[in-house]
Each structure stands twice: as C-alpha cells, then as structure tokens.
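Have a look at the structure below, then the notes.
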Amino acid sequence: MSILLNADLHCHSVVSDGTLTPEALAQRAHANGVALWALTDHDEVGGQHRAMAAAAALGMDYLTGVEISVTFIGATVHIVGLGFDPDDAGLVAGLAATRGGRGERAHEMARQLAQVGIRDAYEGALRYVGNPELISRTHFARFLVETGVCRDTPEVFRRFLTEGKPGYVPHRWASLGDAVRWITQAGGMAVIAHPARYKFSATEEFALFSEFRQHGGQGVEVVTGSHTAAEYVTYAGMAKEFGLAASRGSDFHSPDESHTDLGTLPPLPGALTPVWELLADRVRRAH
C-alpha cells in the first residue's frame, strides 16, 4: 500500500455528529475513489460493524476508527484511533465514560441560550441527533441555522457556543494518556487529529507531541480537510521530528457543511511513513 493510496481515515456519521448513515458514507467514499476507509465517530464505536459490512459489500478495504475528545492544558484536542478491536471492553467503557457528561452539558447550553431569548434549543438540537448520548455543539448549531437565528454555521460559532459567548459550556474530556491507552490496548494506533486547528503556542504544541509519544501515540494527521497546503508541509516536518506515521482524512461530516469531500484530498507528502503501512495487518480486506 503506497503513499499515493487514496485513504480517507477521518469522517463522521449520524452515530455522532455527521448527517449521513455509515452505509451512505461508504457509498460516497467508494464513488469518490477511496481505496481504504475509516469511519471515526466522536467518542463512539457503535457504527463500526455497519461501516465494516458496507465497505466489504462495496469491495473497499476498511480500518476501524474513532475520534476521542481529550482535555490537554485546558483545551480540547482530538485523538483518532485506527485499526483497533471495536468490541474491546476497556475502549467501550472508556468511551461511555467520556460521553457521560454530554447530556448535562447540553441542558446547560440550552439554559444559557434561553437567557438570550433562544427558546427550546435542547429540543431543537435533539432533532438532529442520531444518538442522544452524543448531543454536541454541532447539533445546536444546526438548530440555530434552521430557525434563522444565524445564516450559517460559521456565524453560529462567531456569536454563540464558543468561549465567552452564550451557550458555551466547557466539558472535561478524557486525558491524553487515557485516550492513547484505550486505543493501543484495543490493538489500535493513536493519531493526533488536525493539529493545526489547536491554537497552541510552539511550546504547547511541542508538549502535546512529546507527551503523546510518551503515552505510545504513533501517528499525526498531516493532510486533512482543515489544513492548508503550507500546514501539510509543517506537519510533515513534525511527523519526521517526532518519528510519527502520517495520516490523511477529510473530516467529512455532511454534504451541505463540509468543504472537503471524502477522498478528494491531495496525497501525503513523500518521505513519510503512512499510517496504513504500520496497520497493514489490521486492515479488513474486502477481497
């Protein structure tokens, strides 16, 4: 499996905050020429068996996936897990504990929005949720756009749901060590998702990569939907500096909201080790 393989190892279904089913995502990935696919729902592996079966039916190779929310130096960081056993008891229990706080957090977000005159936001957000345990800011954002409070999702996050704005309620996620351990003990590989999205100083970013390595993390997303071409180069350099394999994924959520479609990213820069080389024995082959 070469560095030029069209692998898309980061996307979301209705099981977390995407708008398509695992089966529809598989169809879309396949239609766009994806040869190796992973569904990485937030803090949830409930869609894995469906995604696996859909990929196999289409003749597409598959890696199990998840995206775990982590609190690191007071900020939320995402760690993608790839190639693990989706039925591993430790991983399933850890993810359930991480999801546990979302319900109370959602009610508090709705209470704050009600204080600025936006009523019934919890019930409104719930209409977009495939899984009430995974109600998130994305679902509230869809409600605010649908009801005309905001024109689009970027406006929602300028006016609401972010630090210092109505509806922002922080959540204590898993620790970095917990997330990496759950993934690796389930036989998978931990990958830092979209590192350019975190507003870390150079020192804080160095701390994230160093601690991630110490816990047994092995990969970083170099080419991803939210990275610029310059950031591909930056994180290719970081991958080499820290001895990490490189991953590639669109972070696709919805045909209407995502600016990068499944399978449409450029290839990984050369001279990197793709994560799929290290995970070759864990790829569920379609053939």
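The values are calculated or read from the model by the stated rules, or taken from the named source; none is laboratory data. All values reported here derive from a predicted model rather than from experimental measurement. Methodologically, a virtual Cβ is constructed for each residue, glycine included, from the backbone with ideal geometry; neighbour enumeration extends over all protein chains shown. SASA here: full protein model, heavy atoms, side chains in, ligands and nucleic acids out. Shrake-Rupley method; radii C 1.70, N 1.55, O 1.52, S 1.80 Å.
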Pairs where the first residue, in the range 86-99, is more than 13 Å from GLY188 (Cα to Cα) and the second is β-branched (Val, Ile, Thr), C-beta under 6 Å, 6+ apart: none
Verdict on SER175 being of a type in the set (Ser, Thr, Tyr), surrounded by fewer than 16 Cβ atoms within 10 Å (Cβ to Cβ) and under 26 Å from ALA229 (Cβ atoms): no
First in the range 127-148 and free of Cβ contacts under 8 Å to residues at least 12 places away in the same chain and open to solvent by 20 Å² or more (accessible area, probe 1.4 Å), second anywhere and part of a helix (DSSP H, G or I) and of a type in the set (Val, Ile, Thr), Cβ under 8 Å, 6 or more apart: VAL145/THR153; VAL145/VAL156
Residue under evaluation ALA96, criteria (1) at pLDDT below 95; (2) buried (at least 17 other Cβ atoms within 10 Å of the Cβ); (3) assigned to a helix (DSSP H, G or I); (4) out of contact with any strand residue (DSSP E or B) (no Cβ under 9 Å at 6 or more places or on another chain), criterion not met: (2)
Qualifying positions in the range 15-35 - over 12 Å from LEU262 (Cβ atoms) and in contact (Cβ under 8 Å) with a residue 40 or more places away in the chain: VAL15, SER16, ASP17, THR19
Single condition MET109 does not satisfy, out of (1) more than 20 Å from GLY65 (Cβ to Cβ); (2) open to solvent by 60 Å² or more (accessible area, probe 1.4 Å): (2)
Residue in the range 221-229 that is surrounded by fewer than 14 Cβ atoms within 10 Å (Cβ to Cβ), modelled with pLDDT under 95 and assigned to a helix (DSSP H, G or I) present: yes
